[in-house]
Amino acid sequence: MDQQSPVFILIQIVLPIGVIFALVYKYVDFVTRTTHVVCPMCRSSFKLTKQAFAFSLKTGVMNERVVTCPACGHRGGMPVMKD
Ligand SMILES: [Zn+2]
């Protein structure tokens, strides 16, 4: 009886992936709720949506993301500030 059932193997694969997704979602949710982005061109500040944050590129600089400003349309690295 050392044969593992396919269901058990599936759970072993799916569970860690589910946990990782849940952690990433919680992190993104926390960051988007507690931070805002300031546009360097027009100085307007705006909040990122969860999707915008999750899919935005990092610039290599701490707390900076490549996003598009909803006010002036400028796209580039913008600092992510705490609220
Ligand atoms: Zn702007």
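Here are some notes:
- Cβ crowding within 10 Å ranks 32, 49, 59 as 49, 59, 32, fewest other Cβ atoms first.
- Dividing the helix sum by the residues of the chain, where each DSSP H run of 4 or more adds -39500 (n - 2.57), gives a mean residue ellipticity at 222 nm of -14000 deg cm²/dmol.
- In degrees, nearest ten, helix 6-34 long axis to first principal axis of the chain (Cα): 20 degrees
- In terms of packing, defined here as the mean over residues of other Cβ atoms within 10 angstrom, the peptides 21-31, 64-74, 5-15 line up highest first as 64-74, 21-31, 5-15.
- Calculated log₁₀ intensity ratio I(q)/I(0) where the Debye formula runs over C-alpha points of region 6-82, q = 0.17 Å⁻¹: -0.66
FYI, it's all coordinate maths here, none of it is from the lab. All values derive from a computational prediction rather than experimental measurement. In this analysis, Cβ positions are derived from the backbone assuming ideal geometry, glycine residues included, and neighbour counts consider all displayed protein chains.
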